[in-house]
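Chemist: The structure's right below; bear with me while I get my questions together.
The values are calculated or read from the model by the stated rules, or taken from the named source; none is laboratory data. On a predicted model such as this, the values are computed, not experimentally measured, just so you know. Neighbour counts are summed over all protein chains in view; Cβ atoms, including those assigned to glycine, are modelled from backbone coordinates with ideal geometry.
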Amino acid sequence: MEKIKSNLLSNLKKATIEMLLLKLLSEKDMYGYQLSQELKKRSGGSYTILEGSMYPILYRLTDQKHISFYEKKAGKRQTRVYYHLETSGLDYLKGLIQSYSDYTALISFLLHSSEGNVYE
């Protein structure tokens, strides 16, 4: 049973990470480590993401022009790469949120429905 729960949560996490990263970037520009720490903080430590899993998503969103990036000095020798949500990214995020809401409403209905009920 624990393995089923673990697989389900892993798949849900993979399906939602893009949306959650875009949500954070809709609030302000952030660098990669900051994004991962903000997710962890807001979830009370329940939602963590390894940067190695996060960066391919950020690169893909950059390639798709949903986000852009810029470098900013953070000390004498360190440079941080900040990610910025573009207008197309905000539109994309809104679509993801709507699709997620619609789908979770459907799943919730199906889990709590009985024969004869029809989702509308």
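Chemist: Could you identify the single residue in SER36, SER46, SER99, SER53 that is within 27 Å of SER10 (Cα to Cα), out of contact with any Cys (no Cβ under 6 Å at 6 or more places or on another chain) and not in a helix (DSSP H, G or I)? Spell out the reasoning first.
Modeler: Numbers: SER36 fails: not in a helix (DSSP H, G or I); SER99 fails: not in a helix (DSSP H, G or I); SER53 fails: not in a helix (DSSP H, G or I).
SER46 is the lone residue from the list that is within 27 Å of SER10 (Cα to Cα), out of contact with any Cys (no Cβ under 6 Å at 6 or more places or on another chain) and not in a helix (DSSP H, G or I).
Chemist: Considering each of GLY116, GLY89 in turn, give the residue that is small (Gly, Ala, Ser) and surrounded by 11 or more Cβ atoms within 10 Å (Cβ to Cβ).
Modeler: Working: GLY116 fails: surrounded by 11 or more Cβ atoms within 10 Å (Cβ to Cβ).
Of the residues listed, the single one that is small (Gly, Ala, Ser) and surrounded by 11 or more Cβ atoms within 10 Å (Cβ to Cβ) is GLY89.
Chemist: Moving to a separate point now. For LEU35, which of the numbered conditions (1) aliphatic (A, V, I, L, M); (2) touching an Asp or Glu at 6+ places or on another chain (Cβ under 6 Å); (3) within 25 Å of SER99 (Cα to Cα) fails to hold?
Modeler: So LEU35 meets the others, but not (2).
Chemist: Continuing with this model, one more query. Kindly provide the set of residues from region 1-28 that are touching a Lys or Arg at 6+ places or on another chain (Cβ under 9 Å) and in contact (Cβ under 8 Å) with a residue 40 or more places away in the chain, ordered by number.
Modeler: Residue satisfying the conditions is GLU18 alone.
Chemist: Let me ask you something else. Specify which of the listed residues (LEU61, LEU22) is in contact with a helix residue (DSSP H, G or I) (Cβ under 6 Å, 6 or more places away or on another chain) and of a type in the set (A, V, I, L, M, F, W, C).
Modeler: Working: LEU61 fails: in contact with a helix residue (DSSP H, G or I) (Cβ under 6 Å, 6 or more places away or on another chain).
The match here is LEU22.
Chemist: Please determine, by comparing only the residues of region 3-35 that are touching a strand residue (DSSP E or B) at 6+ places or on another chain (Cβ under 8 Å) and of a type in the set (Gly, Ala, Ser), which one is farthest from LEU85 (Cα to Cα).
Modeler: GLY32
Chemist: OK, next. For region 29-43, which positions are without any contact (Cβ under 8 Å) to a residue 24 or more places away in the chain, in contact with a Lys or Arg (Cβ under 9 Å, 6 or more places away or on another chain) and not polar (S, T, N, Q)? Quick ask: steps written out before the conclusion?
Modeler: Of all residues in region 29-43, those without any contact (Cβ under 8 Å) to a residue 24 or more places away in the chain come to 33-34, 36-43.
Right, trim to in contact with a Lys or Arg (Cβ under 9 Å, 6 or more places away or on another chain) and you get 33-34.
The answer is TYR33, and nothing else.
Chemist: So, in region 59-96, exactly how many residues are of a type in the set (A, V, I, L, M, F, W, C) and either more than 16 Å from the chain's Cα centre (by Cα) or assigned to a strand (DSSP E or B) (or both)?
Modeler: 5
Chemist: Suppose we keep only residues that are charged (D, E, K, R) and exposed (fewer than 12 other Cβ atoms within 10 Å of the Cβ) within region 36-71. Which one would you say is modelled with the lowest pLDDT?
Modeler: From region 36-71, those charged (D, E, K, R) are 38, 40-42, 51, 60, 63, 65, 71; that's our starting set.
Okay, now just the ones that are also exposed (fewer than 12 other Cβ atoms within 10 Å of the Cβ), so 41, 51, 63, 71.
Working: LYS41: 97, GLU51: 83, ASP63: 97, GLU71: 95.
The extreme case among them is GLU51.
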